[in-house]
Amino acid sequence: MKKIMMIAALMVATLSANAQNMFIKPMVGGTLTTLTGDSSDDAKMKVGLVAGAEFGYNFAENMGVTAGLLYTMQGAKSKGFDKNMNLDYLNIPILFNYYVAPGFALKAGVQPGILTRAKLDDTDVKKSYKSIDVAIPLGASLDISDFVIDARYNLGALFNISDDSDFKSHNSVIMLTVGYKIPL
């Protein structure tokens with residue numbers, strides 16, 4: 001019984017020490033998005049929203065990882081017509097964070113996304129797009145106390161999101177968010 005109590009005490013102490021390095025970060029912000037590829041001649045940037053949360057773990061003084069779930073409004077506006085392509089995704093960013101200075105991190109990773117909605121104005125066009133996208137997020141963040149300002153560019157040029165193999169279309173997303181770190 002003493003051994004079990006000793007092991008339990010060590011486990012609690014280990015979790016308490018690691019908890020100082022773990023956090024959850026609710027975040028909200030805006031996006032500037034467009035589509036590149038075959039549709040890029042007719043596409044221009046559109047404004048959208050992003051909201052969600054990330055779980056973070058700093059495993060060293062200047063290194064950490066985050067994983068999150070973000071609802072992101074993406075798509076593009078048409079240059080020649082008054083039409084909007086609205087693509088909404090549930091994105092799952094998994095990022096490596098390297099702190100080059102206290103509170104200032106550079107980040108890179110991978111971000112699978114699940115298409116939840118695709119509309120050209122009021123017409124449902126979800127059948128024309130793949131249900132999964134994968135992007136490479138690159139960015140930086142600045143911690144100001146427990147608040148975090150995060151800027152990212154999600155490079156979506158790796159995977160064609162169009163269901164038509166003869167037509168190439170890729171997401172291009174600039175994100176700016178504000179979050180609040182809650183220690184766990």
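The values are calculated or read from the model by the stated rules, or taken from the named source; none is laboratory data. Remember, predicted model here, so these are calculated numbers, not experimental data. Virtual Cβ from ideal backbone geometry, glycine too; neighbours counted across all protein chains shown. When the accessible area is computed, the model is the full protein with side chains, heavy atoms only, and any ligands, DNA or RNA have been set aside. Shrake-Rupley method; radii C 1.70, N 1.55, O 1.52, S 1.80 Å.
Rundown of residues vs (1) more than 21 Å from Gly37 (Cβ to Cβ); (2) touching a residue at least 24 places away in the same chain (Cβ under 8 Å), yes/no style:
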{"site": "Ala118", "(1), (2)": "no, yes"}
{"site": "Asp122", "(1), (2)": "yes, no"}
{"site": "Val134", "(1), (2)": "no, yes"}
{"site": "Gly139", "(1), (2)": "yes, yes"}
{"site": "Asp164", "(1), (2)": "no, yes"}
{"site": "Phe167", "(1), (2)": "no, yes"}
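Check whether at least one residue in region 148-162 is open to solvent by 20 Å² or more (accessible area, probe 1.4 Å), in contact (Cβ under 8 Å) with a residue 60 or more places away in the chain and either touching a strand residue (DSSP E or B) at 6+ places or on another chain (Cβ under 7 Å) or not in a strand (DSSP E or B) (or both), and report yes or no.
Residues of region 148-162 open to solvent by 20 Å² or more (accessible area, probe 1.4 Å): 149, 151, 153, 155, 157-160.
With in contact (Cβ under 8 Å) with a residue 60 or more places away in the chain added as a condition, the list becomes 157, 160.
The next check asks that each one be either touching a strand residue (DSSP E or B) at 6+ places or on another chain (Cβ under 7 Å) or not in a strand (DSSP E or B) (or both); those that pass are 157, 160.
Yes, because at least one residue in region 148-162 is open to solvent by 20 Å² or more (accessible area, probe 1.4 Å), in contact (Cβ under 8 Å) with a residue 60 or more places away in the chain and either touching a strand residue (DSSP E or B) at 6+ places or on another chain (Cβ under 7 Å) or not in a strand (DSSP E or B) (or both).
Given the options Asp121, Asp163, name the one that is touching a helix residue (DSSP H, G or I) at 6+ places or on another chain (Cβ under 7 Å) and either β-branched (Val, Ile, Thr) or farther than 20 Å from Tyr71 by Cβ (or both).
From the options Asp121, Asp163, the qualifying one is Asp163.
Residues checked against (1) of a type outside the set (Val, Ile, Thr); (2) farther than 15 Å from Asn171 by Cβ; (3) modelled with pLDDT under 90; (4) open to solvent by 60 Å² or more (accessible area, probe 1.4 Å):
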{"site": "Gly29", "(1), (2), (3), (4)": "yes, yes, no, no"}
{"site": "Gln74", "(1), (2), (3), (4)": "yes, no, no, no"}
{"site": "Lys83", "(1), (2), (3), (4)": "yes, yes, yes, yes"}
{"site": "Ile94", "(1), (2), (3), (4)": "no, yes, no, yes"}
{"site": "Phe104", "(1), (2), (3), (4)": "yes, yes, no, yes"}
{"site": "Ala108", "(1), (2), (3), (4)": "yes, yes, no, no"}
{"site": "Asp122", "(1), (2), (3), (4)": "yes, yes, yes, yes"}
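What's the number of the only condition in (1) under 30 Å from Asp122 (Cβ atoms); (2) touching a residue at least 24 places away in the same chain (Cβ under 8 Å) that Asn62 fails to meet?
(1)
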